[in-house]
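Let me begin by presenting the structure, written as structure tokens, before commenting on it.
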Amino acid sequence: MARRRRRRGELRGRRRARARVAAPAAFQQVVVNLSYLAITSMTNAFGTAVVAGAGAATKANTLAGMPVWSAGQAVSAAAARCEGAGDRRRALAYARAGLAVSVGATALVVLLVQASAPQVIGLFADDPDAMAAGVLYLRACCSANSLAYAAMYALDSFAQATGAPRLAAVNALLDAVVVRVGLAALLVPALGYPGVFAAQALSPALPCVVGAAYLRRYARGARPGAGAGERAAS
């Protein structure tokens, strides 16, 4: 009887642990998808040429994001394994290596896209107005901001892997709602559809700063001389 109760207690503990990770991750996905729904709705108000151009540019931008997502998944898996083994210094090394790979690979892709933006859009659209809107999208949303996005994604993956999934969820809220949708709503009346692109371009900046602050705090706790209290706080 006592063994059965203990077993039930262990199962409840595991469910709670899974929920602490799964609930913020699910919230993050819901927030991101709803924000893109709102952005699509705003873009649709400017006519078929802008919609076609933005759609074509989004395809290219998605290809540019593939190295970012791959590096983020690698950081998450490696850092989680190290965190579980109590090797925080190695987890930190994986985070820094993944961050460098993600930003470096994205920089190469951005250079290629910026050098051939009209040709890239021409693969998906041939209307001059649609091509103009698509090239503007790539100039704004597949440029320096992509480096911030690459860093943000790697840092959020690291936070999720090292016991801070709620931080990643808060970052998603900042990125998707506060900056992307909120700033777009402010800029569109003054700038028109370029305001939507500008808001998307600026959206990773604030979450990137938050993620970098978490990494720095984690690094302090991973130092050999860090005390137990500092490790717990990080």
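The convex hull drawn around the Cα atoms of segment 92-180, when projected onto a plane and averaged over every direction, covers 6.7 nm².
Ligands, DNA and RNA left out, the 1.4 Å accessible surface of the chain is 64% carbon and sulfur atoms.
Using alpha carbons only, how many degrees (0 to 90, rounded to 10) separate the axis of helix 193-202 from the longest principal axis of the chain? Approximately 30 degrees, to the nearest ten. For the chain, the longest principal axis of the alpha carbon atoms and the long axis of helix 48-84 meet at an angle near 20°. Protein heavy-atom accessible surface, 1.4 Å probe, per residue over the chain: 53 Å².
log10 I(q)/I(0), Debye, Cα-only the chain, no solvent, q = 0.09, 0.14 Å⁻¹? Here the Debye-derived log intensity ratios amount to -0.45, -0.91. Extending 7 Å from Cα along the Cβ direction at Thr62 and again at Ala97 yields two label points whose distance is 3.1 nm.
The values are calculated or read from the model by the stated rules, or taken from the named source; none is laboratory data. Please read these numbers as outputs of a predicted model, since none were measured by experiment. A quick note on method: Cβ atoms are made from the backbone with ideal geometry, for glycine too, and the neighbour counts reach across all protein chains shown. Accessible surface is based on the protein model in full, side chains and every heavy atom, while ligands, DNA and RNA are left aside. Shrake-Rupley method; radii C 1.70, N 1.55, O 1.52, S 1.80 Å.
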